[in-house]
Amino acid sequence: MNFVVLTIFPEMFNPFWEHGIIRRAIDRNKIRVSAIDIRDFAEGKHRVTDDRPYGGGCGMVMKPEPLGAAIREATQKAPLSKKILLTPQGRRFDSSVAHELSSSEGLIFICGRYEGVDERICLDFIDDEISIGDYVLTGGELAAMVIIDAVTRLIPGILGGRESAEKDSFSGGILEYAQYTRPRSFEGHDVPEILLSGDHKKIENWRLETSLIRTFLKRPDLFENRALSKQEIEILKKWCVDIERIIHNQSLYGPGALSGGQ
Ligand code: 4H4
């Protein structure tokens, strides 16, 4: 996959290209990356890329001519790539959008600055507008890095097999299970015994149950758009029975009944 970023700060991307998953993907020729400096397409000695907004108002707007010329240059380098404008007004980036973009031939990211870009760029030069969240950044560069990182890790062979990516939080529509590694005891907290049992079916069931409970506690909204399997419904029903029993015992015997602490 080919990633091209259009920015007035191309040097922001050098550290990003040189580390971690992105570096590994480049070294393995799984992705190609490049940054185009929009200033190279600006006229005049000072290579100005912004100007005051028509109609007045605060801030500056990115001029259409240098941006349009830079996008044309990028399109020539990567003709099959999708042109994405990073903006708070775009559709919200999430796991499903990451999976959608990971099947693209390539992505060209237009990193706006200031108050955004001239609207005529959006009309004629952009295929998609994406936002990484409902807040305003000083530039689209960080948003481009977020998307490149999330999309790259989904490319087959990057994480040592799709298994890792497919077990991510959100990939199954709910949060991932609790993760543990050595040592077995840390600060008085032990690794759950079941994870040391070697019983893969029990471990799988435990992981599903911790996924469900942390989703219920942290992100119950995720259940709204996700069909529950029979097994998941059985787990949730078991919790209901357990909760009902606690409430029943409390109503009859008061707190501590289960622990015999009368
Ligand atoms: C674009 C600021 C548009 C304001 C920008 C507007 C994000 C984001 C972002 C630099 C650019 C800002 N990019 N997700 N959130 N006039 N980019 O904030 O529409 O308010 O991706 S505007």
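Can you show me the helix-derived [θ] at 222 nm for the chain, built from DSSP H runs with n ≥ 4 at -39,500 (n - 2.57) apiece and divided by the number of residues, rounded to the nearest 500.
Values: 9 runs with 99 residues, N = 262.
That comes out to -11500 deg cm²/dmol.
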Could you check the spin-label model distance between R47 and I243? Points 7 Å from the Cα along Cα→Cβ, value in nm. 6.0
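Hey, can you list the DSSP H helices of the chain whose Cα span along the axis is 24 Å or longer and whose average Kyte-Doolittle score is at least -1.0? The partial results should precede the final answer.
Working: long enough: 200-218 (26 Å, -0.75); 230-253 (34 Å, -0.42).
In the chain, the long hydrophobic H runs are 200-218, 230-253.
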Interchain or long-range residues, amide H under 5 Å from K83's placed H: I108, D127, D128
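Give me the net charge of W239's neighbourhood, meaning all other residues with Cβ under 15 Å from the Cβ of W239; Lys, Arg count +1, Asp, Glu -1.
Summing Lys/Arg as +1 and Asp/Glu as -1 gives -1.
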In nm, to one decimal, how far is the R214 label point from the R28 one, both placed 7 Å along Cα→Cβ? 2.4
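Could you sort 246-254, 140-148 so that the peptide with the highest average Cβ count within 10 Å comes first and the rest follow in order? Could you put the intermediate results ahead of the total?
Working: 246-254: 11.0, 140-148: 22.2.
The densest-packed peptide leads the list: 140-148, 246-254.
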Go ahead and run the numbers for FRET between E105 and E224, Cβ-Cβ distance against an R0 of 35 Å, rounding to 0.05. 0.55
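With a Förster radius of 35 Å, plug the Cβ-Cβ distance of K77 and E115 into 1/(1 + (r/R0)^6) and report the FRET value to the nearest 0.05.
Working: r = 28 Å, r/R0 = 0.80.
Calculated value: 0.80.
Express the relative contact order of region 50-195 as a whole percentage, based on alpha carbon pairs under 8 Å and six or more residues apart in sequence. Before the final figure, lay out each step's value.
On the way: 183 pairs, mean separation 34.1, N = 146.
About 23 percent, as a whole number.
Please list 230-239, 121-130 highest first by mean number of surrounding beta-carbon atoms within 10 Å per residue.
Values: 230-239: 12.4, 121-130: 16.0.
Sorting 230-239, 121-130 by mean packing, highest first, produces 121-130, 230-239.
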If the chain between Q89 and E18 were fully stretched, how many nm would it gain, using 0.36 nm times the residue separation less the Cα-Cα distance? 22.5 nm
Taking placed amide H atoms and a strict 5 Å upper bound, the residues 5 or more places from I8 or on another chain that come that close are I38
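To the nearest 0.05, how large is the calculated FRET efficiency for R182 and F9 if R₀ is 45 Å and r is the Cβ-Cβ distance? Working shown, then result.
Numbers: r = 41 Å, r/R0 = 0.92.
The computed FRET efficiency comes out at 0.65.
Would you mind calculating the relative contact order of region 1-60 from Cα pairs under 8 angstrom and at least 6 residues apart, reporting the percent as a whole number? Write out the running numbers ahead of the final one.
On the way: 53 pairs, mean separation 21.2, N = 60.
About 35 percent, as a whole number.
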In nm, to one decimal, how far is the modelled label at D128 from the one at S197, with both set 7 Å along Cα→Cβ? 4.2
So which lysines can K237 reach, going by Cα to Cα under 29 Å and dropping same-chain residues fewer than 8 places off? K167, K201, K202, K218
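Values in this text are rule-based calculations from the coordinates and carry no lab data. For clarity, every value in this text was computed on a predicted model and none was experimentally measured. Glycine gets a Cβ as well: all are built from the backbone with ideal geometry, and neighbour counts include every protein chain shown.
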